[in-house]
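Undergrad: Pasting a structure below so you can have a look.
Readers should treat all values here as calculations from the given coordinates under stated rules, not as data from a laboratory. All values derive from a computational prediction rather than experimental measurement. Because the Cβ atoms are built from the backbone with ideal geometry, glycine has one as well, and the counts that use them run over all protein chains shown.
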Amino acid sequence: MKHSNVSKITLALAFWGFLTFASIAAQPLNSIPEPNSKIKSQIADARHIYQNHHRESINLNGSTDILEKIIDQDPYNLEALLLLSRVYLTYGHTEATIKDQKIGSFKKGTEIGKKAIELAPDNPDAHFIYVANMASLGKEKGILKSLFMVRKIRNEVELILKLNPNHVEGTAMNGVLFYSLPAFMGGDIHISQVYLRKAIMLDPHLTTTKIYLAKNLMKQEKYDDAKRTLQEVINEKKPTVYSDWYFNRETARKMIEKIEKKQSRSARSYTSRVQTW
């Protein structure tokens, strides 16, 4: 099934469902009580389980169970809200098999992300996880193609970068937006490359960003540069998010194969033309 230019946004954002926050810094709000050591330990357990979801899909349910219990006890726990919203986003993209499951998961992720924003409106991580879930939900409900939805996504990304100009995921997402949008809606392949490269400078080991940089370079027909970038993904020794890299390395291999087939066809076509001359 072919996707419109606008619907590519969700294909792009889908990758971010694999990302895990290396650290989620809560904003200093006097009204939010400091989590006790037991809750901190439980959140650490939930994050560890989630980060290993590539091994067993049941890990996502285990992480969800822990975090929901924490939030029942401590509804103002920003760290738990952010991570739970992340888990629902990932579940919707990697484990949900039918439309209703996907919609339910992204809806929960969006609602929890919104609660995180209400709790900490100046926290860029809260805005990031909210917009990632919102875009995914919009795609599943068939409303992502609307200009209104695109505008909401753009506004959230711009706010993330206003709050933190060096926010890695926000910077990368902005690059993905410029890559995915058609020109009449503000898309620009060259601006996209600038943001993607900046994100890689901020975190050289976040392999999802390199996958999208390779896609950008392929679109520009810079195939050798794209292959080098993809080989970096395969050879990565210290991935920021191991589960992210676990899936991305296979994606990189397939993309290299696709490039080499394209280059081979181009070479044969060129040889044929020369012989004709």
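Undergrad: Where nothing but the Cβ of Lys and Arg (+1) and of Asp and Glu (-1) is charged, how large is the charge dipole of the range 204-277 around its Cα centre, in debye to the nearest 20?
TA: 240 debye
Undergrad: Next question. Binning every alpha carbon pair distance of the range 204-277 at 10 Å from zero, what are the percents per bin?
TA: Spelled out per bin, shortest first, that is 21, 43, 21, 10, 4, 0.
Undergrad: Give me the base-10 log of I(q)/I(0) for the range 54-127 at each q in 0.23, 0.28 Å⁻¹, Debye formula, one uniform scatterer per Cα, rounded to two decimals.
TA: -1.02, -1.26
Undergrad: Can I ask one more? Could I have the simple spin-label model distance between residue 188 and residue 141, label points 7 Å from Cα toward Cβ, reported in nm to one decimal?
TA: The modelled label-to-label distance comes out at 3.2 nm.
Undergrad: Which of the lysines could a cross-linker span from residue 102 if the Cα-Cα distance has to be under 28 Å and same-chain partners fewer than 8 positions apart are dropped?
TA: Straight-line reach from residue 102, under 28 Å: 2, 8, 69, 114, 115, 139, 141, 145, 152, 210, 215, 254.
Undergrad: Give, as a single signed number, the net charge of other residues whose beta carbon lies under 15 Å from the beta carbon of residue 123, with Lys and Arg counted +1 and Asp and Glu -1.
TA: Charge balance in the 15 Å sphere: -2.
Undergrad: Counting other beta carbons within 10 Å of each residue's own, what order do 127, 93, 48 fall into, fewest first?
TA: 48, 93, 127
Undergrad: How do 184, 128 line up, fewest other C-beta atoms within 10 Å first?
TA: So the ranking, lowest neighbour count to highest, is 184, 128.
Undergrad: Still on this structure: Just add up the charged neighbours of residue 248: K/R +1, D/E -1, any other residue whose Cβ is under 9 Å from the Cβ of residue 248.
TA: Every neighbour counted, the sum reads -1.
Undergrad: Fewest to most neighbouring Cβ within 10 Å: what's the order for 64, 110?
TA: Ranked by crowding around the Cβ, least crowded first: 64, 110.
Undergrad: Once the piece of chain linking residue 222 and residue 122 is laid out straight, how much longer is it, given 0.36 nm per residue of separation minus the C-alpha distance between them?
TA: Separation in residues times 0.36 nm, less the Cα-Cα distance, equals 32.1 nm.
Undergrad: Hey, another quick one. For the pair residue 151 and residue 72, what calculated FRET efficiency results from E = 1/(1 + (r/R0)^6), where r is the Cβ-Cβ distance and R0 = 30 Å, to the nearest 0.05?
TA: Step by step, r from the Cβ atoms, then E = 0.25.
Undergrad: If you don't mind, there's one more thing I want to ask. Near residue 105, within a Cβ-to-Cβ distance under 13 Å, what is the net charge of the other residues, with Lys and Arg +1 and Asp and Glu -1?
TA: +3
Undergrad: Given the pairs 237/258; 222/261; 219/258, which span a C-alpha to C-alpha distance of over 18 angstrom in this model?
TA: 237/258
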